[in-house]
Ligand code: ATP
């Protein structure tokens, strides 16, 4: 599985999807650039989200707020004081880890051990094996689960301690559980320290008393501080939502797994403002809607799951993640949070402005509650890549690398090839592109044999290829080749647009 992932990473580079940032200077940690195909795929993902969220919901509107914001916003939101990762170093390997992640992995290990016990018993008892009964009665399983639960409880206690995370308690857990460094294999740990994830910069010349500002670590606050503007100018009635797509920055310590965890990334967030008391119904509703959106891509329901949080941030009263089955396990792609009225109330407090909603039906004033859906564009991109990549064995013994991208997301929808570079075939091919390029992204290719050209388009996920040959000049028909089935059919040039649009429109 890890191997497949490595192949996907190099495929992304080889075919112009993702390059390491500043590569000629040997790169910059956990920062990536999107290439000519990557940017098209990423734009299509954003459009797929925007169309669903903003165009299909009449009570959701979009904004585009600035990355630079008043520094007090991050005081109010809690990011200055609480957006900290607890870190621990191993003195032998000199590797740095997130202490919370080490402990969460340890909790997962108890579960893995349970599964191993179940598998052992299954082998031992063969067809007489009753899994449910075994799980319920095995003393070994009971012991492992008890250990897991005890650790989980201790972990909750240190994470939710009065005045922030209990760092000493965290270190004690790591010692008691005998957690070793995955690199050095030793237990020679430093103390746990906290580290703020926000990037700082200065606005204005230093001599004039420049103020420290932060690069936003999430796009959500830009929505909260514009709540009144949008609500008033749009005459929005509850429930309503504000959506935004934009860059966010986090100085992640453990940056790994390619574009999964980056220091500069992009988010697609929507804050849905509701009447207090109705938030948990809306939370449930948005869980369903967002899952349906993911599954509409056709990657198979078994590749998604919810991970409901029982450890809630101080401002939330419900939270879940949508996880996708990546080559390195089920991983969070989207978070859905019921954030209560925390953010709006905090901004009211810190700005001194009244941030409320007046309900004309009941004549009441109140601070709306908020349901947030927050998805990372880059993680979505990665999930699409991972699911679409295939090294397919063909009947003739050859292998082709193909990206089975949903047609709506594919960077190029149609590639047009003249069979040869002469006899007016290139001109005819260009004529087809000139007609269709206003409707979807087309690419012209005349180099190499047709077979090779097909392979190059398969590798970037182009759903359709068209070949222009001598017969085309006589009867205006072309060969249309389908990426997934590799089937070919003869169609009229005049029908191309509707055939393709039917599949590529979102
Ligand atoms: P994680 O636990 O993986 O760090 P998070 O819970 O901090 O993520 P949120 O703050 O809920 O994430 O952000 C919402 C979404 O933004 C995530 O579901 C993810 O898709 C995306 N995201 C967050 N951090 C990063 C990052 N460093 N790189 C890429 N995408 C990210």
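The values are calculated or read from the model by the stated rules, or taken from the named source; none is laboratory data. Because the structure is a prediction, the values reported are computed rather than measured. A quick note on method: Cβ atoms are made from the backbone with ideal geometry, for glycine too, and the neighbour counts reach across all protein chains shown.
Things to note:
- Residue in segment 388-399 that is under 23 Å from residue 33 (Cα atoms) and at pLDDT 95 or above present: yes
- Elements of type strands (runs of 3 or more DSSP E) in segment 287-383, at least 2 residues being within 15 Å of the ligand (Cβ to nearest atom): 304-308, 318-326, 329-340, 369-376
- Filtered residue count, segment 395-409, keeping only those that are in contact (Cβ under 8 Å) with a residue 60 or more places away in the chain and over 22 Å from residue 260 (Cβ atoms): 3
- For segment 226-281, residues that are assigned to a strand (DSSP E or B) and over 22 Å from residue 384 (Cβ atoms) total 8.
- Unique match (being surrounded by 19 or more Cβ atoms within 10 Å (Cβ to Cβ) and within 24 Å of residue 267 (Cβ to Cβ)) among 402, 416, 377: 377
- The set of residues in segment 486-506 being under 17 Å from residue 450 (Cβ atoms) and under 39 Å from the mean Cα position of the chain (by Cα) consists of 486, 487, 488, 489, 491.
- Within segment 255-267, the set of residues being over 19 Å from residue 215 (Cα atoms) and more than 8 Å from the ligand (Cβ to nearest atom) comprises 256, 257, 258.
- Segment 169-195: number of residues that are on the phi < 0 side of the Ramachandran plot and loosely packed, with under 12 Cβ neighbours inside 10 Å: 2
Here's the yes/no breakdown for (1) surrounded by fewer than 18 Cβ atoms within 10 Å (Cβ to Cβ); (2) touching a residue at least 40 places away in the same chain (Cβ under 8 Å); (3) closer than 30 Å to residue 328 by Cα:
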residue	(1), (2), (3)
223	no, yes, no
227	no, yes, no
242	no, yes, no
261	no, yes, yes
272	no, yes, no
302	yes, no, yes
313	yes, no, yes
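- Within segment 352-366, the set of residues being surrounded by fewer than 19 Cβ atoms within 10 Å (Cβ to Cβ) and in contact with a helix residue (DSSP H, G or I) (Cβ under 7 Å, 6 or more places away or on another chain) comprises just one member, 354.
- Residues located in segment 479-506, provided they are over 20 Å from residue 425 (Cα atoms), touching a helix residue (DSSP H, G or I) at 6+ places or on another chain (Cβ under 8 Å) and buried (at least 18 other Cβ atoms within 10 Å of the Cβ): 483, 500
- Residue 313 assigned by TED's automatic domain parsing to the domain that holds residue 390, under 21 Å from residue 78 (Cα atoms) and over 14 Å from the mean Cα position of the chain (by Cα): yes
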